[in-house]
Amino acid sequence: MASPDGLPRADAPVIRFLPYQKAWIADAARYKIGMFTRRGGKTFGSCGEIVNDCIGAEIDRRKTRWTILSRSEATAKEALEDALKPMTRAYYAVVSGLARQGQPEFVQDEFHVAAYRREERQGDTVVMIDVPEARYKTHEVHFPNGSRVVALSASPDAARGFGGNLLLDEFAFHRDSRAIWGSAFPVAARGGHKIRVISTPNGKGNKFYELMTTTDNGWSKHHVDIYEAVKQGLDVDVEEIRRGMADQDAWAQEFELAWLDEASAWLDYDLISSCEYANAGRPELYTGGLCFVGVDIAARNDLFVIWVVEQVGEVLITREIIARKRISFAEQDRLLDEVMKRYRVVRCRMDQTGMGEKPVEDAQRRYGTERVEGVLFTGPARLDMATTLKESMQDRKTRIPAGDPVLRADLHSIKSQVGVTGTRRLIADGDSDGHADRFWAAALATSAADMGEPDYGYQGVPGTRSRWAAPDQDDDTDSTGAGRWGEGAW
């Protein structure tokens, strides 16, 4: 609001947008897309455009409507509560002097905003009519003249039922982004409305990537990474954020706006190839050393996988991978029994999630809880096992069979994804044979080895000796002459 001398009023509330936010608001293109750094205020700037449009409609005594589709109900509510509602209230915060010809005087360069009043003539008297403030609901803002803003959780049905202009917030993270787009675009296009799409990147397998990278598609595009945002006035410490995040892939995606594809694969092909070994995967080359086993239980059409590694010095050599589809639990038990007989298995970790409860219980009854451990595939447990496998491969301490394209694809299929909250999760890309069951069997086996050799209680039985007992002169014999691998160990 301007004072009579044309300067901004001292008591007028100020919403200060950074240059890249101003550029976004000022861009009047019908189709507009922006890829912005995290913590850069992309939702705030977009809400600035929405409020400005609604206030303009109020001044012109017409109606407009906006729909905000966010990735979840919580983020939709956050957009309204933290950006749109406070910004709307700021427009109504100050009742100024007469606005010439019934319109407010805006100082657009600094985006000073204030409420407006209008003149109405009642007979020979000019009176001032204060425009009532907007009404606020949980997911909606209603303006006095009928304009409205609605924020919803994104879904194809919600996209099909919206009206007016559309803002897709964090679109790269929407589930079913292509289905949502297929529902939303025809509605907006038919009505001649505006579409705004904003997000940080989330890999290449979504509609946001396609819209942002396709050339000559008629979209006005904005790109602001963390370095450009700071250059234009964003007040953050770049190095502090980078050090605190402690994750280069996540930093590259969330702040440098890198399209992570190969980098987002948990195990890239170069790493997988570097761990391939001609003699791995050949049971006949087993040397009699200690073995660790991972078992991924089959559910419906998924693969049942047993992964066996032998510890040779500091290296884990894959001795055998058994993968079967659509087999009975009895057959799964039989395959595990044969593995336990063929190798000196000191620890076996099995997927206990869902259908794995009974197979784990049965295996523990046959081989003991010291040798068989069930693992529930929670998010933290999956990340811990996957990290153990990756670090072992990076240290070249795991050897896998060479020249197997199906195995390579399965190991490569796990993707690392960072959500809007910064939490990392691992997902299969859906194209692998068996949804990465070989990967998880390998992770179970490697994590079993990482836990080390279990300590077994032992009580010798007179006159008996295990086939695994060490010779009397071996250093592994105790003071009684009994071997570490005596019968009591099993």
Exercise. Output the residues belonging to the stretch 383-400 that are over 14 Å from E276 (Cα atoms) and surrounded by fewer than 18 Cβ atoms within 10 Å (Cβ to Cβ).
Key: L383, D384, T387, E391
Quiz item: In this structure, is A280 under 30 Å from L411 (Cβ atoms) and either surrounded by fewer than 20 Cβ atoms within 10 Å (Cβ to Cβ) or among the charged types (D, E, K, R) (or both)?
Solution: no
Quiz prompt | Conditions (1) on the phi > 0 side of the Ramachandran plot; (2) modelled with pLDDT under 90; (3) not hydrophobic (A, V, I, L, M, F, W, C): number failed by Y209 | solution = (1)
Quiz item: From the set of residues in the stretch 1-34 that are in a strand (DSSP E or B) and at pLDDT 95 or above, which is farthest from the chain's Cα centre (by Cα)?
Solution: Y31
Self-check item: Considering residues of the stretch 169-206 that are among the basic types (K, R) and at pLDDT 90 or above only, the residue farthest from S155 (Cα to Cα)
Solution: K194
Quiz item: Are any residues in the stretch 155-175 under 16 Å from the mean Cα position of the chain (by Cα) and either outside any strand (DSSP E or B) or more than 18 Å from A74 (Cβ to Cβ) (or both), and if so, which ones?
Solution: E170, F171, A172, F173, H174, R175
Quiz item: Which pairs do you get when a residue that is assigned to a loop (DSSP other than H, G, I, E, B), found in the stretch 367-386, comes within reach of a residue that is surrounded by fewer than 14 Cβ atoms within 10 Å (Cβ to Cβ), reach meaning Cβ atoms under 6 angstrom, with the pair 6+ apart or on two chains?
Solution: E370/P454
Exercise. Assess whether R300 counts as being among the basic types (K, R), modelled with pLDDT under 95 and either surrounded by fewer than 24 Cβ atoms within 10 Å (Cβ to Cβ) or within 31 Å of the chain's Cα centre (by Cα) (or both).
Key: yes
Quiz item: Take the residues of the stretch 257-267 that are surrounded by 15 or more Cβ atoms within 10 Å (Cβ to Cβ) and not aromatic (F, W, Y): which is farthest from T37 (Cα to Cα)?
Solution: L267
Quiz item: Within the stretch 391-432, restricting attention to residues that are under 24 Å from R324 (Cα atoms), small (G, A, S) and assigned to a loop (DSSP other than H, G, I, E, B), which residue is modelled with the highest pLDDT?
Solution: A402
Quiz item: Given the residues E240, E276, E310, which is the only one that is out of contact with any Lys or Arg (no Cβ under 6 Å at 6 or more places or on another chain) and in the same structural domain as T387 (by TED's automatic domain parsing)?
Solution: E276
Quiz item: Across the stretch 209-230, what is the total count of residues that are over 13 Å from T37 (Cα atoms) and without any contact (Cβ under 8 Å) to a residue 24 or more places away in the chain?
Solution: 5
Quiz prompt | Extreme residue, surrounded by the most Cβ atoms within 10 Å (Cβ to Cβ), among residues of the stretch 47-85 that are closer than 23 Å to P201 by Cβ and free of Cβ contacts under 8 Å to residues at least 40 places away in the same chain | solution = E78
Practice problem: Can you confirm whether the stretch 50-66 contains a residue that is in contact with a Lys or Arg (Cβ under 9 Å, 6 or more places away or on another chain), assigned by TED's automatic domain parsing to the domain that holds G161, in a strand (DSSP E or B) and over 26 Å from T138 (Cβ atoms)? | Solution: no
Practice problem: Could you list all residues from the stretch 148-162 that are at pLDDT below 80 and crowded, with 20+ Cβ neighbours inside 10 Å? | Solution: A159, F162
Practice problem: Would you mind stating whether E361 is surrounded by fewer than 16 Cβ atoms within 10 Å (Cβ to Cβ), modelled with pLDDT of 95 or more and in the same structural domain as G289 (by TED's automatic domain parsing)? | Solution: yes
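The values are calculated or read from the model by the stated rules, or taken from the named source; none is laboratory data. Predicted model only: the values in this text are computed from it and were never measured. Every residue, glycine among them, receives a Cβ derived from its backbone with ideal geometry; neighbour counts consider all protein chains shown.
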